[in-house]
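Each remark here refers to the structure printed beneath this line.
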Amino acid sequence: MNFANTPSFANQGLQPGGRLALCVLASLALLVGDSQYGLMEKARDAISVVLYPLQRAANVPLNLTMQVGDFFTAQAALKRENDALRERDLIQSSHLMRMSSLEKELQQLRRLNALAAQPSHAGVVAEVLYTGRDPFSYRLIIDKGSSSGIASGQAVIDENGLIGQVTRVQPLSAEVTQVINRHYIVPVMIERTGHRALLYGFGGGVEVRYLPISTDIRENDLLVTSGVDGVYLQGIPVARVKQIDRLGGAAFARVRSEVIAGVQSSRFVVIMPNRRLPATPPVAEAPADTAKTDKKSP
Amino acid sequence: MNYDRPQELLKPVKRRFITLTFVVALALELLPLPQGSNRWLPDFVALLILYWSVNQPRRIGIGMAFGIGLLADVVTTSMFGQHALAYSVGAYLILLRQQQLVMFNLGQQTLVILVLMVLMQLLMAIARWSVGASLPGLGYFLPALVGALLWPLLTKLMLLPYRSERH
């Protein structure tokens, strides 16, 4: 005998059709409300806080295996890594020494020229909790949120370059939209020439669009953030040019490029402070700057 | 007649057990798995919705599917309502023919589940597309296929705690 087969004699509430209609209507309302008007952020925050323990619990086995793995790392490997790190430390500390004096000089010059001083570049380190399963949204969830001072709009980098931007902040976690997300645009410049361009994500990769054919760009050129916006500090590496198609008859060159940062693989990321822009000058009639980031639209 | 389905006396399913299965499925979504894995990893929450609405239609119906869908929306960082829409439609289609479905053998059920999983994926794709995402390729339906293939295993697994000791 199968209990599941027992017919329900007492039919309570709405017919299935009615229920479905109700649910479908509610879903559609939510979809529109969330995508067009961003009405659901509060609810999302609340649910994500409730789910946070589960999130941490899901990470426990992985962390344990990693810890066990760390424990059994061979000494030789540790030694090698230690040596490499020490060497890098030496090189970087020499860079740093020069940097700090240069920075002081720069601040002085900026003061002399009455330019706004740039904030210091201290970032917050966060760990990637998981990547969203949704194939449409190239997003990461990190384990720092508004309680650690993260704000929406901050740039996120790893040791190699730009990963993306914080787009949604919850109390204990935050969502990072990756540069390869569709709708993601980064103002970049070609490091070699200083030519400014826009880097578009297209869902799984990035490309430079609307670059006149005559532009001086070559394969293997490095694209770094140009800093022409309030979001990214200047000079963060973003992508490397892979291939340039200059089609006769087209006004723009097709530039395929490859993201440098481990957008799909980094486990630890650094959240950079926003670049502070000087107050907008009173003349507001200036034409809209083309090099403006489009803060994602989900 | 159905020969595959275990016909021994089953203990009644506890609500606690149903909740636990959903918690585990949601936790699976939250696992920091390698990036490529979500190209084939099925949507376990969807599978569970289908499973429980076939086997416990009084407990998991359209409304529950909707609510769990909302949770899944937050967990998978997708649009609000996307999973909720797909899950409630899936649950509804199951409930339409639930009394026949439980009588099917596992092979027949798997086929039905395959169709439903693909349909649910399609609904989500359309929902995303209508608010401005691009349509995905055919590879997008691979998880649905894998999920349907896992159906017999899931059924056996779920019945495990509810076999009577002696039969």
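The values are calculated or read from the model by the stated rules, or taken from the named source; none is laboratory data. What you are looking at is a predicted structure, and each value in this text was computed from that prediction instead of being measured. Because the Cβ atoms are built from the backbone with ideal geometry, glycine has one as well, and the counts that use them run over all protein chains shown. Note: areas computed on protein heavy atoms with side chains; ligands, DNA, RNA excluded. Shrake-Rupley method; radii C 1.70, N 1.55, O 1.52, S 1.80 Å.
Restricting to region B:61-70, name every residue that is at the interface with chain A (Cβ under 8 Å from one of its Cβ atoms) and surrounded by fewer than 20 Cβ atoms within 10 Å (Cβ to Cβ). Working first, answer last.
Filtering region B:61-70 for residues at the interface with chain A (Cβ under 8 Å from one of its Cβ atoms) gives B:61-63, B:65-66, B:69-70.
Matches in region B:61-70: B:63 only.
Does residue B:113 count as more than 22 Å from residue B:31 (Cα to Cα), within 12 Å of chain A (Cβ to nearest Cβ), under 12 Å from the mean Cα position of the chain (by Cα) and of a type outside the set (Phe, Trp, Tyr)? If you could, list the steps in order and put the result at the bottom.
On the way: more than 22 Å from residue B:31 (Cα to Cα): yes; within 12 Å of chain A (Cβ to nearest Cβ): no; under 12 Å from the mean Cα position of the chain (by Cα): yes; of a type outside the set (Phe, Trp, Tyr): yes.
Judged against the criteria, residue B:113 is not a match.
Report the residue count in region A:156-182 for those that are within 13 Å of chain B (Cβ to nearest Cβ) and closer than 19 Å to residue A:256 by Cβ.
Number satisfying all stated conditions: 4.
Tell me which residues, restricted to region B:78-100, are over 18 Å from residue B:42 (Cβ atoms), of a type in the set (Ser, Thr, Tyr) and touching an Asp or Glu at 6+ places or on another chain (Cβ under 9 Å).
none
Which members of region A:68-92 meet the condition of being of a type in the set (A, V, I, L, M, F, W, C) and part of a helix (DSSP H, G or I)? Write out each step before concluding.
Here is the first cut: in region A:68-92, the residues of a type in the set (A, V, I, L, M, F, W, C) are A:68, A:71-72, A:74, A:76-78, A:84-85, A:90-91.
Result: A:68, A:71, A:76, A:77, A:78, A:84, A:85, A:90, A:91.
Could you say whether any residue in region A:17-34 is at pLDDT 85 or above, more than 9 Å from chain B (Cβ to nearest Cβ) and open to solvent by less than 60 Å² (accessible area, probe 1.4 Å)?
Yes, because at least one residue in region A:17-34 is at pLDDT 85 or above, more than 9 Å from chain B (Cβ to nearest Cβ) and open to solvent by less than 60 Å² (accessible area, probe 1.4 Å).
Results for (1) surrounded by 17 or more Cβ atoms within 10 Å (Cβ to Cβ); (2) free of Cβ contacts under 8 Å to residues at least 60 places away in the same chain, shown as yes or no for each residue.
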| position | (1), (2) |
| --- | --- |
| A:218 | no, yes |
| A:223 | yes, yes |
| A:226 | yes, no |
| A:231 | yes, no |
| A:236 | yes, no |
| A:246 | no, yes |
| A:249 | no, yes |
| A:264 | no, no |
| A:273 | yes, no |
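Residues that are within 24 Å of residue A:151 (Cβ to Cβ) and either without any contact (Cβ under 8 Å) to a residue 24 or more places away in the chain or open to solvent by 40 Å² or more (accessible area, probe 1.4 Å) (or both): does region A:202-210 have at least one? I'd like the intermediate steps shown before the answer.
Quick first cut of region A:202-210, residues within 24 Å of residue A:151 (Cβ to Cβ) only: none.
No; the residues of region A:202-210 include none that is within 24 Å of residue A:151 (Cβ to Cβ) and either without any contact (Cβ under 8 Å) to a residue 24 or more places away in the chain or open to solvent by 40 Å² or more (accessible area, probe 1.4 Å) (or both).
Go through (1) part of a loop (DSSP other than H, G, I, E, B); (2) in contact (Cβ under 8 Å) with a residue 24 or more places away in the chain; (3) open to solvent by 10 Å² or more (accessible area, probe 1.4 Å) for residue B:58 and report which single condition fails.
(2)
Name the single residue, out of those in region B:72-99 being in a loop (DSSP other than H, G, I, E, B) and among the hydrophobic types (A, V, I, L, M, F, W, C), that is nearest to the other protein chains (Cβ to nearest Cβ). Give the steps one after another, and end with the answer.
Here is the first cut: in region B:72-99, the residues in a loop (DSSP other than H, G, I, E, B) are B:76-81, B:97.
Among the residues that remain, those that are also among the hydrophobic types (A, V, I, L, M, F, W, C) are: B:79-80.
Numbers: B:79: 5, B:80: 4 Å.
In this case the residue turns out to be B:80.
Inside region A:35-58, can you point out the residues that are over 21 Å from the mean Cα position of the chain (by Cα), modelled with pLDDT of 80 or more and within 7 Å of chain B (Cβ to nearest Cβ)?
A:47, A:51, A:54, A:57, A:58
How many residues does region B:103-126 contain that are under 20 Å from residue A:182 (Cα atoms) and either in contact with a His (Cβ under 9 Å, 6 or more places away or on another chain) or of a type in the set (Asp, Glu) (or both)?
Here the count works out to 1.
Considering only region B:120-156, state which residues are away from chain A (no Cβ under 14 Å) and surrounded by fewer than 18 Cβ atoms within 10 Å (Cβ to Cβ). Quick ask: steps written out before the conclusion?
Here is the first cut: in region B:120-156, the residues away from chain A (no Cβ under 14 Å) are B:145, B:148-154, B:156.
Selection gives B:145, B:149, B:150, B:152, B:153, B:156.
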